[in-house]
Amino acid sequence: MNSLAVATVVAKNYLSFARVLADSFLARHPGVPFYVLLADEVEGSFDPACEPFRLLTLADLAIPQPERFRFRYSRRQVAVASKPYLLEHLLDRGFASALYLDPDMLVMGDLSPMIEQALRHPAIVTPHLIAPASGHGGVGRELNILQCGTFNGGVLGFSDTPAARRFLGWWRERLYGECRYEITQGLYYDQRWLDLLPAFVDGAKVVRDPGCNIAYWNLMEREVRIDGDAVLVNGRPARFFHFSGFDPLRPDRVTKYRPELATADLGPAARIYEHYAALINGAGYTQIVAWPYRYGTFDNGVPIPEIARQFYDSLADDAAGFGDPFQTEPPGSFFRWLNEPVPFDGTRLWRFIHESRPDLEAIHGAAFLEWAVRHGAAEFGIPDALLP
Amino acid sequence: MDFSRRDIAGTVAAGTIAAKSALASARVLADSFRQYHPDIPFYVLLADEVDGCFDPARESFRLVRLAELPIPAFDRFRFHYTPQELSYAATPYLLTWLLDQGFDAAIFLKQESLVMGDMAPVLVELERHPVLLTPHLLEPPETGDPVARELNILLSGVYNNGFAAFVGTAEARCFLAWWQERLWSHCVRDVAAGMHFEQRWLDFAPAFVDNVGIVRDSGMNVAHWNLPERSAANVRLFRFSGFDPEHPERATRYSPRLTMANLGPAAEAYRWYLSLLEAAGWQETRSWPYSYGCFDNGEPIPDVARSILREMGGDAECFGNPFCTSTRGSYFGWLHEPVAKGVPRLWHLVHGTRPDLQRVFPDPLGKHRRKFVRWIAQHGRREYGLDE
């Protein structure tokens, strides 16, 4: 079993999650190397040598034009689009299999059966649902899964076989360009692409253990029972929970994606959410969550608004001429270009915003500039340095 | 259970579904199937009524009538779908019915297909898997905008329902029962919402059923979505999806990418298929009228009246048989009841589904009523196919 490595990805404001996952995993499987890819920079915020995991940074991965990759994607997109690079990196290091786990997970039981499957098959995934969604809203929940992807991107195992390598290479290429939330086009970040896994990889294994990847989207079909120290799910041992969308500062709510779900209504599973909140807070959450994202600002300290990332992304290869997009000083920098005055709309950035908003089509000149300052800046999170 | 070639007869049945206007396609498929698998009985489910157009006893297949299947609220089911939706929605009902006849396994083939080779090497997999599915793509495409082709598959379903096979195990039957329930009301094309007729629901099969067999034989489901990657040699099942014998030069109405001129060797298969359809009488059968196309007073049913009834869900029960026009409280009467002078309810409901009409006639029952009534007479009736 030593030929398998496990890894997760976080920006540093999420470090407490990675610590809790690593601790819970290593408590069960102390011999398995556990890596954390920091999709960010340490910047003295913590001492990697004192952490329970082995640290990897984006610079360790073979990402082409890394500054463009980090600029065009948001913090969340950078983290998920890094997954195939991370898995390939671990296989390149010589591990026979690499297992990715989302950071917001807690290992609660023996993962050996899943690890054995990861080693035996070229690829493993876990579905969001392993049985039809029950109850009145069942159809709606299923359609939501069809929009977001049948398999959860939080658990991925790949072995060093040609078919798995081919899939990772293709997935990496897709995520470099198409890691977006656009469900009407068939895109949901990294995840929808995984639906093609059983088609592209012979022998890909769908892990249907109800003890794996228990989360808000399947809790209705998983009966959780706590029996002394043992947690059982549908009568079988719980292996790991996935606290997707859980906010440790709002432990009364199961997930930000379903605000109506109250932890108190979960029955026995509520205790597991409480336990998790305590672990995350114990791992320094309140302090860590404020650690700044290294790729959140231009090199002059001005925060990068989301819309500027989208603008840059839309330029595709034409953006190469700017050089490093984080740099503001050079005469041909992206920052200066964004701020260059244009007729009617103030600056290039604001013209892009104007064009992205059909509802503002009829507003021009002074009226648009007034809207920009009074409403637009707040709506799009535009810092003062980028006002028209 | 033994599905090996020698003992396959009697344990397996195959079937397709067609309205009678597509009877020529069903004849061609049935004949081609019998040529390679003479021992497997072939059934055609008529999603329509015979109405004296042909003599079932003289056909080469066994005819199944829709009324023979245990479809709940049958009158609403055949009313609230278009002919295409109805034929797709009946798929799991036919498969379940075949298993109920005592066959150990049931194979579904979609109507516009041609068996061109021995499928035994695929069918033998039923010994090891309770369900067999065929992916649209077996590897990432390399030509013709690969990303767009992949996204198109993600929106329409990873597995093509041109071929699907189910063994009568409890788990497979459970999946069919769930699929029936979903397709009773959710067999429409609304890709943004996660629906593509019957097909996208199949993405759940590997999640809901253990050990689903993914058929990766490149001779299965050769069609516009995987040409030119597939070789025209070694074809077992060719799918002429979107082929219109009146416009054979277009190959398929779904993809402008392919034409007879650039199909290469596959063009030969299309020409052959066209000649088979001609011999099977498509010129005659295509004009046979759809038996569920009119109310019982002879008025044609516009598609919008079908979708309105479907979207009403359980409330639609109050109308009784929706085809029936003579009873008090009939669906027909309700649709035609004026909600304002000159505005039958049907047109008010149409208005509710059309943002363009809402913009032009914001107050269709008041200020803009006259203009809206004029639009109904001059454009609406024609647009909704009510002017014949």
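The values are calculated or read from the model by the stated rules, or taken from the named source; none is laboratory data. Bear in mind that the values here come from a model prediction, so they are computed numbers and not experimental data. Note: ideal-geometry Cβ built from the backbone for every residue, glycine included; neighbour counts use all protein chains shown.
Quick notes on this one:
- Which numbered condition A:Cys148 misses (of (1) in contact with a Leu (Cβ under 9 Å, 6 or more places away or on another chain); (2) over 22 Å from A:Pro66 (Cα atoms)): (1)
- Checking region A:325-346 against the condition returns a match, with at least one residue being within 24 Å of A:Tyr73 (Cβ to Cβ), more than 27 Å from the chain's Cα centre (by Cα), of a type in the set (S, T, N, Q) and assigned to a helix (DSSP H, G or I).
- Filter result (basic (Lys, Arg) and closer than 13 Å to A:Leu99 by Cα) within region A:110-169: A:Arg120
- Restricting attention to region B:314-365 and to residues that are among the charged types (D, E, K, R) and not in a helix (DSSP H, G or I), the residue that is surrounded by the fewest Cβ atoms within 10 Å (Cβ to Cβ) turns out to be B:Arg328.
- Qualifying residue in region A:211-229 (condition: under 26 Å from B:Ser156 (Cβ atoms) and at pLDDT 95 or above): yes
- Meets criteria (more than 16 Å from the chain's Cα centre (by Cα), of a type in the set (A, V, I, L, M, F, W, C) and within 14 Å of another protein chain (Cβ to nearest Cβ)) for A:Leu129: yes
- Selection of region A:189-210 for residues being part of a strand (DSSP E or B), over 17 Å from A:Ser159 (Cα atoms) and within 9 Å of another protein chain (Cβ to nearest Cβ) yields an empty set.
- Selected residue [in contact with a strand residue (DSSP E or B) (Cβ under 9 Å, 6 or more places away or on another chain), within 28 Å of A:Gln287 (Cβ to Cβ), modelled with pLDDT of 95 or more and not β-branched (Val, Ile, Thr)] from A:Arg93, A:Arg75, A:Arg28, A:Arg70: A:Arg28
- Just one of the listed residues (B:Glu125, B:Glu85) is in contact with a Cys (Cβ under 7 Å, 6 or more places away or on another chain) and in contact (Cβ under 8 Å) with a residue 40 or more places away in the chain, namely B:Glu85.
To keep it simple, each residue is scored yes or no on (1) surrounded by fewer than 18 Cβ atoms within 10 Å (Cβ to Cβ); (2) polar (S, T, N, Q); (3) in a strand (DSSP E or B).
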residue	(1), (2), (3)
A:Arg258	yes, no, no
A:Arg271	yes, no, no
A:Gln287	yes, yes, no
A:Tyr295	no, no, no
A:Gln310	yes, yes, no
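- From the options B:Ala266, B:Ala193, B:Ala261, B:Ala205, residue that is within 23 Å of the chain's Cα centre (by Cα) and in contact (Cβ under 8 Å) with a residue 12 or more places away in the chain: B:Ala205
- Among the residues of region B:136-155, those identified as more than 8 Å from every other protein chain (Cβ to nearest Cβ) and either free of Cβ contacts under 8 Å to residues at least 12 places away in the same chain or more than 23 Å from the chain's Cα centre (by Cα) (or both) are B:Pro141, B:Glu142, B:Thr143, B:Gly144, B:Asp145, B:Pro146, B:Ala148.
- Matching residues, region B:36-61, being under 18 Å from B:Lys110 (Cβ atoms) and not in a loop (DSSP other than H, G, I, E, B): B:Tyr36, B:Phe42, B:Tyr43, B:Val44, B:Leu45, B:Leu46
- From the list A:Arg239, A:Arg208, the lone residue that is surrounded by 20 or more Cβ atoms within 10 Å (Cβ to Cβ) and either at pLDDT below 95 or out of contact with any Lys or Arg (no Cβ under 6 Å at 6 or more places or on another chain) (or both) is A:Arg239.
- Single unsatisfied condition, B:Tyr93 versus (1) in a helix (DSSP H, G or I); (2) surrounded by fewer than 18 Cβ atoms within 10 Å (Cβ to Cβ); (3) not β-branched (Val, Ile, Thr): (2)
- The residues of region B:161-175 that are in a helix (DSSP H, G or I) and either more than 9 Å from chain A (Cβ to nearest Cβ) or among the hydroxyl-bearing types (Ser, Thr, Tyr) (or both), listed by number, are B:Ala170, B:Glu171, B:Ala172, B:Arg173.
This table checks each residue for (1) of a type outside the set (A, V, I, L, M); (2) closer than 21 Å to A:Ile214 by Cβ; (3) assigned to a helix (DSSP H, G or I).
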site	(1), (2), (3)
A:Met114	no, yes, yes
A:Ser134	yes, yes, no
A:Arg141	yes, yes, yes
A:Gln147	yes, no, yes
A:Gly154	yes, yes, no
A:Phe167	yes, no, yes
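- Of residues in region B:117-134 being crowded, with 22+ Cβ neighbours inside 10 Å and not in a helix (DSSP H, G or I), the one farthest from the other protein chains (Cβ to nearest Cβ): B:Met119
- Condition met for A:Ile124 (closer than 27 Å to A:Tyr276 by Cβ, modelled with pLDDT of 95 or more, within 13 Å of chain B (Cβ to nearest Cβ) and more than 22 Å from the chain's Cα centre (by Cα)): no
- Any hit, region B:82-92, residues being in contact with a helix residue (DSSP H, G or I) (Cβ under 6 Å, 6 or more places away or on another chain) and aromatic (Phe, Trp, Tyr): no
- Any hit, region A:292-301, residues being of a type in the set (Val, Ile, Thr) and over 22 Å from A:Leu58 (Cα atoms): no
- In region A:258-303, the residues that are closer than 25 Å to A:Ile226 by Cβ, among the aromatic types (Phe, Trp, Tyr) and under 20 Å from the mean Cα position of the chain (by Cα): A:Tyr276, A:Tyr285
- Options A:Arg348, A:Arg374, A:Arg336: the member that is without any contact (Cβ under 8 Å) to a residue 60 or more places away in the chain and either exposed (fewer than 14 other Cβ atoms within 10 Å of the Cβ) or farther than 28 Å from A:Pro292 by Cα (or both): A:Arg374
- Number of positions in region A:148-188 that are within 9 Å of chain B (Cβ to nearest Cβ), closer than 18 Å to B:Pro206 by Cβ and surrounded by fewer than 18 Cβ atoms within 10 Å (Cβ to Cβ): 0
- Answer residue from region B:255-299, given it is loosely packed, with under 15 Cβ neighbours inside 10 Å and among the aliphatic types (A, V, I, L, M) and is modelled with the highest pLDDT among those: B:Ala279
- Evaluating B:Val158 against the criteria (1) under 15 Å from B:Ser218 (Cα atoms); (2) within 13 Å of another protein chain (Cβ to nearest Cβ); (3) not charged (D, E, K, R) leaves one unmet condition, (1).
- Criterion: without any contact (Cβ under 8 Å) to a residue 24 or more places away in the chain and of a type in the set (A, V, I, L, M, F, W, C) - qualifying residue of A:Ala131, A:Ala164, A:Ala199: A:Ala199
- Considering region B:182-232, the residues that are assigned to a strand (DSSP E or B) and not basic (Lys, Arg) include one that is farthest from the other protein chains (Cβ to nearest Cβ), namely B:Val222.
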